[in-house]
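Enquirer: Input: one structure, supplied below.
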Amino acid sequence: MTGRIFIAIALLFGIAGSTFLANRSSAELKKVGPVADPTPARSNSRKLTTQRELVFLDTWDGTKIAKTDAEWKKELSPMEFYVLRQQGTERAYTGDLTDNKKQGTYYCAACGLALFSSKHKYDSETGWPSFYQPLNKANVGETEDKSIPEEVRTEVHCNRCGGHLGHVFDDGPEPTGLRYCINSAALRFRESK
Ligand SMILES: [Zn+2]
């Protein structure tokens, strides 16, 4: 008899305990919340694809290049195409250059034009590579981005090929006060020797 009561009590506590745990974990999940993910599932990381050879351009004569989407599609990985040609944004903290602290130059992953330098890179804690200025202002163009009506942003792109890079915000550090928030997939890093 005592044994049965004991089992009944143990069961009750067991059920109550697991309900408590289930509620807790769903509450914790709610607190974190679902993260908006505009990234196509098939191209979670650029690391999955083989990087093609790119001709790096440290100086530029101002000549622009124009290619069709079909041509770019052949040259770029799905993730690069999504970001550079479709104004996509990689998920925060998924890019391979966010935490890169090596000294060197960041080039456009589509056309190879030099865009940013490690000298101007800083940790913005946003999950994307961040710079307070471009290597050369002539190489990085700006347009008004009204894709989010409540928040008009300034889009930045490679001036040579028109490839979308990211956005620039005015909450960066000194001396410019700017934050160029750039997708890793739009960049190719070359370490300085
Ligand atoms: Zn480019």
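Enquirer: What residue, among those in region 82-111 that are within 12 Å of the ligand (Cβ to nearest atom), hydrophobic (A, V, I, L, M, F, W, C) and in a loop (DSSP other than H, G, I, E, B), is surrounded by the fewest Cβ atoms within 10 Å (Cβ to Cβ)?
Expert: So, considering only residues that are within 12 Å of the ligand (Cβ to nearest atom), hydrophobic (A, V, I, L, M, F, W, C) and in a loop (DSSP other than H, G, I, E, B), the one surrounded by the fewest Cβ atoms within 10 Å (Cβ to Cβ) is Cys111.
Enquirer: Related question: Counting only residues that are within 16 Å of the ligand (Cβ to nearest atom) and free of Cβ contacts under 8 Å to residues at least 60 places away in the same chain, which one in region 138-149 is farthest from Leu57 (Cα to Cα)? Break it down stepwise before answering.
Expert: Looking only at region 138-149, we keep the residues that are within 16 Å of the ligand (Cβ to nearest atom), and these are 138-143.
Subset that is free of Cβ contacts under 8 Å to residues at least 60 places away in the same chain: 140-143.
Working: Val140: 14, Gly141: 17, Glu142: 20, Thr143: 23 Å.
The qualifying residue farthest from Leu57 (Cα to Cα) is Thr143.
Enquirer: Next up: Restricting region 150-173 to residues that are assigned to a loop (DSSP other than H, G, I, E, B) and without any contact (Cβ under 8 Å) to a residue 24 or more places away in the chain, which is surrounded by the fewest Cβ atoms within 10 Å (Cβ to Cβ)?
Expert: Glu150
Enquirer: Condition (residue is modelled with pLDDT of 95 or more and either within 15 Å of the ligand (Cβ to nearest atom) or loosely packed, with under 14 Cβ neighbours inside 10 Å (or both)) applied to region 47-57: is it met by at least one residue?
Expert: Yes - at least one qualifying residue is present in region 47-57.
Enquirer: A further question on this structure: Can you tell me which residue among Glu142, Glu125 is among the acidic types (Asp, Glu) and farther than 26 Å from Lys73 by Cα?
Expert: On the way: Glu142 fails: farther than 26 Å from Lys73 by Cα.
Testing whether each residue is among the acidic types (Asp, Glu) and farther than 26 Å from Lys73 by Cα leaves just Glu125.
Enquirer: If you don't mind, another one. Any idea how many residues of region 112-144 are under 14 Å from the mean Cα position of the chain (by Cα) and either assigned to a strand (DSSP E or B) or aromatic (Phe, Trp, Tyr) (or both)?
Expert: 3
Enquirer: Separate question: Looking at (1) surrounded by 11 or more Cβ atoms within 10 Å (Cβ to Cβ); (2) assigned to a loop (DSSP other than H, G, I, E, B), which is the one condition that is false for Ser147?
Expert: It fails just one condition, (1).
Enquirer: Right, another one. Just checking, which of Gly141, Gly62 is modelled with pLDDT of 95 or more and either in contact with a helix residue (DSSP H, G or I) (Cβ under 8 Å, 6 or more places away or on another chain) or on the phi > 0 side of the Ramachandran plot (or both)?
Expert: Gly62 is the lone residue from the list that is modelled with pLDDT of 95 or more and either in contact with a helix residue (DSSP H, G or I) (Cβ under 8 Å, 6 or more places away or on another chain) or on the phi > 0 side of the Ramachandran plot (or both).
Enquirer: Still on this structure: Hey, among Ser77, Ser118, which residue is surrounded by 14 or more Cβ atoms within 10 Å (Cβ to Cβ) and under 24 Å from Thr176 (Cβ atoms)? Before you say what the answer is, go through the steps one by one.
Expert: Details: Ser77 fails: under 24 Å from Thr176 (Cβ atoms).
Answer to the check: Ser118.
The values are calculated or read from the model by the stated rules, or taken from the named source; none is laboratory data. None of these values were measured; they are calculated from a predicted model. Heads up, the Cβs are rebuilt from the backbone with ideal geometry, glycines too, and the neighbour counts pull from every protein chain shown.
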